[in-house]
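Report on one structure; see the data block that follows.
The values are calculated or read from the model by the stated rules, or taken from the named source; none is laboratory data. Source: prediction; values computed, not measured. Every residue, glycine among them, receives a Cβ derived from its backbone with ideal geometry; neighbour counts consider all protein chains shown. To get the accessible areas, we keep the full protein, side chains included, count just its heavy atoms, and leave off ligands, DNA and RNA. Shrake-Rupley method; radii C 1.70, N 1.55, O 1.52, S 1.80 Å.
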Amino acid sequence: MLLRHAKSSWDDPLLDDFDRPLAKRGRKAAKQAGQWLKRHGVAPALILCSASARTRETLDLVLPALRSEPQIAYERRLYLADADDLLARLQEIADEVPSVLLIGHNPGMQDLALALAPTRMRRERRRLAEKFPTAAVAWFRSGAKSWSDIRPNETELVAYMRPADLKD
């Protein structure tokens with residue numbers, strides 16, 4: 001599962017990008033994303049989270065809704081990582097880990113979602129290409145035997161949620 005961090009605040013223009021917290025709207029959207037994950041029974045065994053303030057805060061708001069107590073890894077290398085680097089990180093996951101939630105930043109998250117989504121899923125790919133907004137979730141399933149075998153265009157897009165799709 002890919003989760004883009006929720007909307008960040010630009011209230012302090014002197015604050016370094018890495019340290020920007022969530023905006024009020026972002027906190028609301030992160031909680032909504034958590035509730036959506038809960039309704040869908042999401043229980044990741046591992047969460048890989050960019051070390052930035054806004055991704056950590058997004059995770060803090062999503063975590064109470066998850067149906068598991070996952071292992072969590074905060075990684076600086078995920079901060080503003082591109083799709084190739086994100087995919088490479090997923091391919092490093094130990095094979096005994098059954099599921100992962102990756103929390104990161106655009107454009108890498110959207111580019112990775114588009115790379116993973118099968119080209120035969122034209123309508124869904126079009127939605128992903130239009131926008132991968134803050135607090136969006138793309139959920140994939142793979143038949144690969146190993147994380148190292150995950151390849152672009154070889155997964156199934158199970159669901160794609162944008163906060164604007166949810167009712168308050």
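Given their separation in residues at 0.36 nm each and the Cα-Cα distance between them, Asp84 and Val158 gain 24.5 nm when the chain is fully extended.
Of the heavy-atom accessible surface of the range 10-56 (probe 1.4 angstrom), what whole percent is carbon and sulfur?
Values: 1300 of 2460 Å².
Percent of accessible area from carbon and sulfur atoms in the range 10-56: 53.
Surface analysis of the chain yields an accessible area of 52 Å² per residue, using protein heavy atoms and a 1.4 Å probe. When you count the other C-beta atoms within 10 angstrom of each residue and take the mean per peptide, 91-98, 20-27, 135-142, 149-156 line up highest first as 135-142, 20-27, 149-156, 91-98.
Mind putting a number on the dipole of the range 6-102 about its Cα centre? Charges go on the C-beta only, +1 for Lys and Arg and -1 for Asp and Glu, and I need it in Debye to the nearest 20.
Working: 15 positive and 15 negative charges, 154 e Å.
So the dipole magnitude of the range 6-102 works out to roughly 740 debye.
Modelled spin-label separation between Ala94 and Arg120, with each label point placed 7 Å from Cα along the Cα-to-Cβ direction: 3.4 nm. Maximal additional length on extending the Asp12-Lys24 stretch stands at 2.9 nm, based on 0.36 nm per residue less the C-alpha distance.
So what is the relative contact order for the chain, in percent, with contacts set as C-alpha pairs under 8 Å and at least six apart?
Numbers: 333 pairs, mean separation 45.5, N = 168.
Here the relative contact order equals 27 percent.
Checking (i) 18.2; (ii) 17.6; (iii) 15.8 against Kirkwood radius over Cα pairs in Å calculated from these atoms, the matching label is (iii).
Across the range 46-61, rounded Karplus estimates of 3J(HN,Hα) from the backbone phi angles (6.51 cos²θ - 1.76 cosθ + 1.60, θ = phi - 60°) give 9, 10, 9, 10, 3, 7, 5, 4, 5, 6, 5, 5, 4, 4, 4, 7 Hz, Gly and Pro being marked x.
From the square roots a ≥ b ≥ c of the eigenvalues of the alpha-carbon gyration tensor of the range 18-75, which class results: rounded (a/c under 1.5), prolate (a/b over b/c), or oblate?
Working: a/c = 3.22, a/b = 1.22, b/c = 2.65.
Cα axes put the range 18-75 in the oblate bin.
Remark: the chain carries a charge dipole of roughly 920 debye about the Cα centre, counting +1 on each Lys and Arg Cβ and -1 on each Asp and Glu Cβ. Farthest toward the positive end of the dipole of the chain, out of Leu87, Ile72, Ala113, is the Cα of Ala113, where the dipole comes from beta carbon charges about the Cα centre.
Projected label points at Lys38 and Arg77, each 7 Å from Cα along the beta carbon direction, are separated by 3.4 nanometres.
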